[in-house]
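Engineer: First the structure, then my questions, so here it is.
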Amino acid sequence: MGEELSEEERIKRFVEERKKKAGEERTKESGMSARERDYTRELYRASQKFIDIEKGRDIYQTMKEIWGAEPLYEVDEKMYHRGGYRQSIRKKEFIDAGKQIAIKRGLPSYSRAVGLPVGQRMLEPMPVGKWGITIEQDDSHHMNNTAIQQLNDDIKRTVIMNLDLAHRMLQVRVGKEVTPETLNFYMETLQHTMGAGAVAQEHMNEVNPYLVKDAWAKIITGSDEIMDGLDQRYYIHIDELFHPDRAKALKEAIGDSIWVVFRVPTLAMRMGDGECTGRWAAMQNTMAFISAYQLSGEHVISDLAYAFKHARVIHMGDKLWGSRVRGRNEIGGIPDGFIPDIIQCERDLPLMPYVEYMTQDDAAASKAMTRMSEGIGGIAAMLDNTLWLGFYMSGGIGFSNTVATSALSGGANEDVLSEFSNLGAKYLRGKLIPAKWDIMKVMLNMVATYVIETYEKFPTLAELHWGGAHKTSIMGTVGAGVSAMLTGSSTMGLWAGNYTIASAMKEGWLRTGWAGQEIQDHMGMPYLCSFRPEEGNLTEMHGENYPMHSFSAGHGNQRAAANYGAMMGRGSAWCLSPVVKVAFADPHLAFDFRRPRYCIAKAGIKEFMPDGERTAITPACDILDRGILKDTMKEIPF
Amino acid sequence: MAEERKEDWWKDKAWITQYLFKGEEPTAFDLLGAFVCNIVMGSPEAILIAGNMPPRLIHFVVNHPKRGSESIVLMMTPVAVFEGEPEEEPDLGLEIDYYKFAAMLGGKEDVMDMVWSGEVTMSGNTVVGMDLKDLLDASIGKEIIERPAAWTIGVP
């Protein structure tokens, strides 16, 4: 039975219902019609209003400089009219060289006639970092670039040993006294033995000192008292090389321990491999000990040798796994956490979390962000893309080198990152972001959208970073770096890199492109929450053999950005080891780990002098005669 | 915030009582309506800023500790406030506690600070969040944060 209502009540209810329905319809209709109309007509018109603003961005100027054309224009009117390879001075040089070599050796050499003639596009020049140096793409191939080679060599020829155990053995078991005088004498001896100079100076094959002028050893200690007693040439001056706050933190962490960083000759390491470094250093260090402390025949010598080879030794890289087997100190074995310690770009900056830089001013925040990019682009990208993937894993043309060059071309990346720093400085105002995913996701969506928008607005940028791997690499690096810088958490940074590639980039463009391989990114997000070694663990302990990660050319930089960014985000003076951090501040190194892209740029214009050259023992002859089967060989009777 | 939790807290807020005289605590829809009518409309700067924006659809999910969840929509340029779910995908979604919502509209809490501290869950176009912050700041006479060049006011 329905409710009994009077006529008056029924009319009243009817009117109320009609009013309610009309109100709902009106609200809905006015709301939707306004939105639809505005969206179809206004948004595109609105976007046109901002073209002048886009022209004010740094990236506009950078693209204009690279391409010599209107950066926002979508049509390349010079296509097919540039003359293919002839637009490149370097490639023309290669053709001439190929002809000369072919004639000289009687075998064909470099010849573009055998390849597929593409090259209708512009072979754009590459401004490296923001150092004002422009090189050609070919100049950044690791075989053409002596700085990239030296970066590789300087890491692989480094090993660090602790002397505390050795000194204790000397004092307790041999009854020798260790004093500043003995330490200085030992260090002097070490400079001799590191270059394969003999201490038992009879019937020994020694090495031409010119070949090993890059062999030396230096002490690292946090104790001012110990440093005061040492000859100034024999230790790394932490106070002079680092910002005072960083120097203080590093010295406190290292304490009174005495470490020695050994630089094995570049040539020796190149003839053998990274594993030779530890052997050479242990052998020559033991010899220096024997000589300096006048040891002979005691059983303590074998213990010293053991200490220097195994006990308290820091190798730059672990042994590689079975299928890629190599010894220690090879690029594939470097723990991810060592890369931020090898990078020195931040060492003169004040020691404070990144968000505090933001409270100072835009310039300070941008500077910190630029330093992160300098380190990631100049060192991490070279180690992972150029050397590991482009050399150890593939070799030859180095297809992943081009991805690395997208990290080198700092004008593009840093412009975006500095704009983001500016944004963060305005809206965060120095507040540390809690390492919570819901918050970081908002930030990441913003950053990813910003980068995607920039690619879409600037066809020239999309052309500069021409492959999916390039864009994946940039997206992952920016996402990981920004999140790590804001939270100080490397796990959050890596998580963010995974999310930016697998979710934000995929949703924005519906594809991640070559080197996307985002299945590992999808897995990374839940797996990073785990602390089981084969799943999440500390990201600093990851490496090239960590199972749940994509090791494409697009992913290397994001791992380094997560760790290095987190180090800077926390306001830490080092990432995994204060000793490694100090070791790579050594001003004697040919490669400047503080200004990596500068070195690479200088090498691109042939102004970087590497170590390990054999000039001292090679004949003075034309470049074409070197390494080629020459007439002299025919003169040697069989 | 604590102020808003007191009994009858809204009765001494002119910007609310001028809009409606209810005996009970206003709904989130009431608060948003009061904010638009009494604060935004009374501020020439806020009107100017809102006028320079492209159309924005902001969906608030406001959680009251006793009344539960309430869904309201704010449209900017042209302005409209209505209850319920938006029928199109909103530009911005904000999930917020009722009392924080009241404090935000009353100029006591900064929407971006609440986002970065995790008190508000934000999804969608962050630029719209900046637009909302500009509107909120302008309406209470605060200085507007200068936008980064690429995402200046009016960017879609």
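Engineer: For the protein assembly as shown, what is the charge dipole size about the Cα centre, in debye to the nearest 20, if Lys and Arg each add +1 at the Cβ and Asp and Glu each add -1 at the Cβ?
Structural biologist: 2280
Engineer: Helix B:126-139 sits at what angle to the longest principal axis of chain B, using alpha carbons and giving 0 to 90 degrees rounded to 10?
Structural biologist: Taking the Cα atoms of chain B, the angle to B:126-139 is about 60 degrees.
Engineer: Right, something else. With a cut-off of 8 Å between alpha carbons and a minimum separation of six or more residues, what is the relative contact order of the stretch A:336-570 in percent?
Structural biologist: Answer for the stretch A:336-570 is 28 percent.
Engineer: Please sort by residue number the chymotrypsin sites (Phe, Trp or Tyr not before Pro) in the stretch A:504-547 whose DSSP state is loop and whose Cβ has at most 14 other Cβ atoms within 10 Å.
Structural biologist: A:F531
Engineer: If amide hydrogens are placed 1.01 Å from N in the peptide plane, which non-local residues have theirs closer than 5 Å to the one on B:T121?
Structural biologist: B:E95
Engineer: To continue, here is another question. Averaged over its residues, how many other protein chain Cβ atoms are within 10 Å of peptide A:420-430's Cβ atoms?
Structural biologist: That average works out to 4.
Engineer: Quick one: 3J(HN,Hα) in Hz for the stretch A:555-564, Karplus 6.51/-1.76/1.60 with θ = phi - 60°, rounded, Gly and Pro as x.
Structural biologist: Residue by residue, the stretch A:555-564 yields 10, x, 5, 5, 5, 5, 5, 5, 6, 5 Hz.
Engineer: Using a 10 Å cut-off on Cβ atoms, rank the peptides A:246-255, A:575-584 from the highest mean neighbour count down.
Structural biologist: The peptides rank, most packed first, as A:575-584, A:246-255.
Engineer: Counting DSSP beta bridges with both partners in the stretch B:7-126, what percentage is antiparallel, nearest 5?
Structural biologist: Approximately 75 percent, going by the DSSP bridge assignments.
Engineer: Considering only Cα-Cα distances, which of the following residue pairs are longer than 20 Å: A:K156/A:K218; A:K218/A:K581; A:K55/A:K426; A:K130/A:K606; B:K108/B:K142? Walk me through the numbers before you get to the answer.
Structural biologist: Numbers: A:K156/A:K218 17 Å; A:K218/A:K581 14 Å; A:K55/A:K426 22 Å; A:K130/A:K606 18 Å; B:K108/B:K142 12 Å.
Where the Cα-Cα span goes over 20 Å, the pairs concerned are A:K55/A:K426.
Engineer: Would you mind calculating the relative contact order of the stretch B:2-141 from Cα pairs under 8 angstrom and at least 6 residues apart, reporting the percent as a whole number?
Structural biologist: 23
Engineer: Only counting other Cβ atoms within 10 Å, I'd like A:R532, A:R511, A:R112 sorted with the fewest neighbours first.
Structural biologist: A:R532, A:R511, A:R112
Engineer: In deg cm²/dmol, rounded to 500, what helix-only [θ] at 222 nm does chain A give when every DSSP H run of at least 4 residues adds -39500 (n - 2.57) and the total is split over its residues?
Structural biologist: So the helix-based figure for chain A works out to -15000 deg cm²/dmol.
Engineer: What does the charge count near A:D303 come to, summing +1 for each Lys or Arg and -1 for each Asp or Glu among other residues with Cβ under 13 Å from its Cβ?
Structural biologist: +3
Engineer: Hey, another quick one. Give me, ordered by chain and number, the residues 5 or more places off A:I135 or on other chains with an amide H under 5 Å from its own placed amide H.
Structural biologist: Correct list: A:M126, A:V128.
Engineer: Kindly put A:M541, A:M122, A:M443 in sequence by how many other C-beta atoms sit within 10 Å of each C-beta, fewest to most.
Structural biologist: Ranking A:M541, A:M122, A:M443 by Cβ neighbours within 10 Å, fewest first, gives A:M541, A:M122, A:M443.
Engineer: On average, how many beta carbons from a partner chain sit within 10 Å of the beta carbon of a residue in B:117-125?
Structural biologist: The shielding value for this peptide is 4.
Engineer: Skipping prolines and chain starts, which residues have an amide H placed within reach, meaning under 5 Å, of the one on B:A80, given they are 5 or more residues away or on another chain?
Structural biologist: Hits under the 5 Å cutoff: B:M75.
Engineer: Two decimals, Cα atoms only, Kirkwood Rh: what is Rg/Rh over chain A?
Structural biologist: On the Cα set of chain A, Rg over Rh gives 1.09.
Engineer: Defining a contact as two alpha carbons under 8 Å apart and six or more residues distant in sequence, what relative contact order in percent does chain A show?
Structural biologist: 18 percent.
Engineer: Mind listing the phi-derived Karplus ³J(HN,Hα) values for the stretch A:446-451, rounded to whole Hz, using 6.51, -1.76 and 1.60 with θ = phi - 60°, and x for any glycine or proline?
Structural biologist: Using θ = phi - 60°, the values come out as 5, 5, 4, 4, 5, 5 Hz.
Engineer: Using a 10 Å cut-off around each Cβ, can you sort A:L183, A:L538 from fewest to most neighbouring Cβ atoms?
Structural biologist: A:L538, A:L183
Engineer: Place the peptides A:488-494, B:130-136, B:39-45 in order of packing, highest mean first, counting for every residue the other Cβ atoms within 10 Å and averaging per peptide.
Structural biologist: Ranking the peptides A:488-494, B:130-136, B:39-45 by packing returns A:488-494, B:130-136, B:39-45.
Engineer: With θ taken as phi - 60° and the coefficients 6.51, -1.76 and 1.60, list the Karplus ³J(HN,Hα) couplings across the stretch A:275-288 in order, rounded to whole Hz; mark glycine and proline as x.
Structural biologist: Here the 3J(HN,Hα) series is 4, 4, 4, x, 5, 4, 5, 5, 4, 6, 5, 4, 4, 5 Hz.
Where a number appears in this text, it was derived from the coordinates with a stated rule and is not lab data. Because the structure is predicted, anything quoted here is derived from the model rather than measured. All Cβ positions, even for glycine, are placed from backbone atoms using ideal geometry, and neighbour counts span all protein chains on display.
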